[in-house]
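Written out below as structure tokens is the structure these notes cover.
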Amino acid sequence: VVQQVGKGRLRRQEEELKRRDQAHFVEVLEVMEQADYEQFDDFLEMVIEFGYVTLFAAAFPLASILSIASNLVEMKSDLFKLTMVYQRPISHRAASIGIWRRVLQVLVFVSILTNVMIFSMSEQLASWAPWLYREAEAKDVARGRLAQAMDETAGTADLVMKKWAGFYVVLTAFSIEHMIGLLALVLVMAIPAQPDWVSDEVGRTAWFKRERAKRQSTSETQAEE
């Protein structure tokens, strides 16, 4: 009821301003009637998209290119949404994107595991180490190892891991996972949280604040004397 009364009051004010030919105030009232912008949905959408691109990059490498094209379109749609659909958000200072940064970091390290598993458990590893695999036979289908012995798309026989190759496949996956994980940790430690020019500016601002506090303290002491 209160919301309806408030909207009715805004409409009456809008009609009054139109009669007075004050269009800029009318625009403000129209914006006030729009819904408030909530950034959670946009953050969630970007994190989900980032997850699909990184977690399954080995299965569909072209996802990153499609993601770029999608984001170019979304930039325009978000611009329309922020300027025409929702109330224009008030800007607030923020040091980071908050908990979303931690979520993205977790996705990056989980994606190392998923991509290594996809690589080592599919025929991608077979193209790099063909000596670990053999062509599938009818007995492999009978034992439930494969649904069919022939790859209908390629027209060739499917590949099956050799009996003695399991240890080397696991060792390969384990080694690749540790190397990529170590590389990710090195990059995280090597790249600073903020650029040098930002650190210099923050230090400069802190120095000016300390100097101003010292001068103020000195002047107050002299005034008391």
Exercise. For region 39-57, indicate whether the set of residues that are of a type outside the set (F, W, Y), more than 16 Å from the chain's Cα centre (by Cα) and at pLDDT below 90 is non-empty.
Key: no
Exercise. Search region 189-221 for residues being within 18 Å of V108 (Cα to Cα) and open to solvent by less than 90 Å² (accessible area, probe 1.4 Å), and hand back the single one that is modelled with the lowest pLDDT.
Key: P192
Self-check item: Of the criteria (1) within 25 Å of T114 (Cα to Cα); (2) open to solvent by 100 Å² or more (accessible area, probe 1.4 Å), which one P61 fails
Solution: (2)
Practice problem: Inspect region 88-100 for any residue being at pLDDT 85 or above and surrounded by fewer than 10 Cβ atoms within 10 Å (Cβ to Cβ) and give the result as yes or no. | Solution: yes
Exercise. Any residue in region 41-55 that's under 13 Å from V103 (Cβ atoms) and open to solvent by 30 Å² or more (accessible area, probe 1.4 Å): show its pairings with residues that are modelled with pLDDT under 90 and not in a helix (DSSP H, G or I) at Cβ separation under 8 Å, as long as the two are six or more apart or on different chains.
Key: F43/I97
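Is there a residue in region 110-124 that is under 23 Å from I180 (Cβ atoms) and not in a helix (DSSP H, G or I)?
Yes: region 110-124 contains one or more residues that are under 23 Å from I180 (Cβ atoms) and not in a helix (DSSP H, G or I).
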Practice problem: Provide a single number: the residues in region 64-87 that are at pLDDT below 85, open to solvent by 100 Å² or more (accessible area, probe 1.4 Å) and not hydrophobic (A, V, I, L, M, F, W, C). | Solution: 0
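The values are calculated or read from the model by the stated rules, or taken from the named source; none is laboratory data. A quick note: this is a predicted structure, and the numbers were derived from the prediction, not measured. Heads up, the Cβs are rebuilt from the backbone with ideal geometry, glycines too, and the neighbour counts pull from every protein chain shown. When the accessible area is computed, the model is the full protein with side chains, heavy atoms only, and any ligands, DNA or RNA have been set aside. Shrake-Rupley method; radii C 1.70, N 1.55, O 1.52, S 1.80 Å.
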